[in-house]
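Novice: One structure is given below, represented as structure tokens, and several questions about it will come after.
The values are calculated or read from the model by the stated rules, or taken from the named source; none is laboratory data. Quantities reported herein were computed from a predicted structural model and do not represent experimental measurements. Note that each Cβ is placed from the backbone with ideal geometry, even for glycine, and that neighbours are counted across all protein chains shown.
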Amino acid sequence: MGLRSFIHSMTAPRTQGNAPEEEVKMVLVVNHGLKMGKGKIAAQVGHGAVIATMKAGKERPAYLESWLSSGQKKICVKGTDAAHLERLEQEAKELNILTARVHDAGHTQIPSGSFTILVLGPAEEAKLEPVTGALKLL
């Protein structure tokens, strides 16, 4: 989705559909095994939040609307490595939770294509809990 399409989706008449029944949030799982610096993590998390927001606008606009109107709650947690992020992604997909991935371009600290961030949501907090509740905050 291009920028114009995204802006249009944000300013178009309100969407119909199944709105979430409870608070929603976004969980960003950082691949802690890559040993990224703080600035690199911040940049990758920013990429993830943008990608997930645009994907939600296209695939789950009622969830995006609920998330935007409730303060855009998001948390960052530690994942062990790429394999761990892949397992979490599979669990989330089985629960019909929206997912997005960030892979690094390789211009700075880490190899090109490295799986840096897994984004889950926006989704209901209760739905995310079984997948990410045991992970430590970043």
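Novice: Out of everything in the stretch 28-73 that is out of contact with any Ser or Thr (no Cβ under 8 Å at 6 or more places or on another chain) and in a loop (DSSP other than H, G, I, E, B), what residue ends up being nearest to HIS107 (Cα to Cα)?
Specialist: The residue in question is GLY37.
Novice: Could you list, in sequence order, the residues of the stretch 117-138 that are aliphatic (A, V, I, L, M) and buried (at least 17 other Cβ atoms within 10 Å of the Cβ)?
Specialist: Across the stretch 117-138, the qualifying residues are ILE117, LEU118, VAL119, LEU120, ALA123, LEU128, VAL131, LEU135.
Novice: Which of the residues that make up the stretch 74-84 are out of contact with any Phe, Trp or Tyr (no Cβ under 6 Å at 6 or more places or on another chain), surrounded by 14 or more Cβ atoms within 10 Å (Cβ to Cβ) and assigned to a helix (DSSP H, G or I)? Before you say what the answer is, go through the steps one by one.
Specialist: Initial filter on the stretch 74-84 (out of contact with any Phe, Trp or Tyr (no Cβ under 6 Å at 6 or more places or on another chain)): 74-81, 83-84.
If we keep only those that are surrounded by 14 or more Cβ atoms within 10 Å (Cβ to Cβ) as well, we get 74-80, 84.
Correct list: HIS84 only.
Novice: Just checking, which of GLU22, GLU91 is modelled with pLDDT under 95 and charged (D, E, K, R)? Steps first, please.
Specialist: On the way: GLU91 fails: modelled with pLDDT under 95.
One residue alone meets the criteria, GLU22.
Novice: Confirm whether LEU28 is of a type in the set (A, V, I, L, M, F, W, C), under 19 Å from THR80 (Cα atoms), more than 18 Å from the chain's Cα centre (by Cα) and at pLDDT 95 or above. Break it down into steps so the answer makes sense when it comes.
Specialist: On the way: of a type in the set (A, V, I, L, M, F, W, C): yes; under 19 Å from THR80 (Cα atoms): yes; more than 18 Å from the chain's Cα centre (by Cα): no; at pLDDT 95 or above: yes.
It is false that LEU28 is of a type in the set (A, V, I, L, M, F, W, C), under 19 Å from THR80 (Cα atoms), more than 18 Å from the chain's Cα centre (by Cα) and at pLDDT 95 or above.
Novice: Let me ask another. Of everything in the stretch 89-116, what is more than 24 Å from ALA62 (Cα to Cα) and either in contact (Cβ under 8 Å) with a residue 12 or more places away in the chain or surrounded by 14 or more Cβ atoms within 10 Å (Cβ to Cβ) (or both)? Give them in sequence order. Steps first, please.
Specialist: Initial filter on the stretch 89-116 (more than 24 Å from ALA62 (Cα to Cα)): 103-116.
Of everything in the stretch 89-116, those that are more than 24 Å from ALA62 (Cα to Cα) and either in contact (Cβ under 8 Å) with a residue 12 or more places away in the chain or surrounded by 14 or more Cβ atoms within 10 Å (Cβ to Cβ) (or both) turn out to be HIS103, ASP104, THR108, GLN109, ILE110, SER114, PHE115, THR116.
Novice: In addition: For the stretch 79-102, which positions are more than 13 Å from VAL29 (Cα to Cα), under 13 Å from the mean Cα position of the chain (by Cα) and not hydrophobic (A, V, I, L, M, F, W, C)?
Specialist: LYS93
Novice: Do you know which residues across the stretch 118-130 are in contact (Cβ under 8 Å) with a residue 60 or more places away in the chain and not acidic (Asp, Glu)? Talk me through it step by step, then tell me what you get.
Specialist: Going through the stretch 118-130, the residues in contact (Cβ under 8 Å) with a residue 60 or more places away in the chain turn out to be 118-126, 128.
LEU118, VAL119, LEU120, GLY121, PRO122, ALA123, ALA126, LEU128 - these are the residues of the stretch 118-130 that are in contact (Cβ under 8 Å) with a residue 60 or more places away in the chain and not acidic (Asp, Glu).
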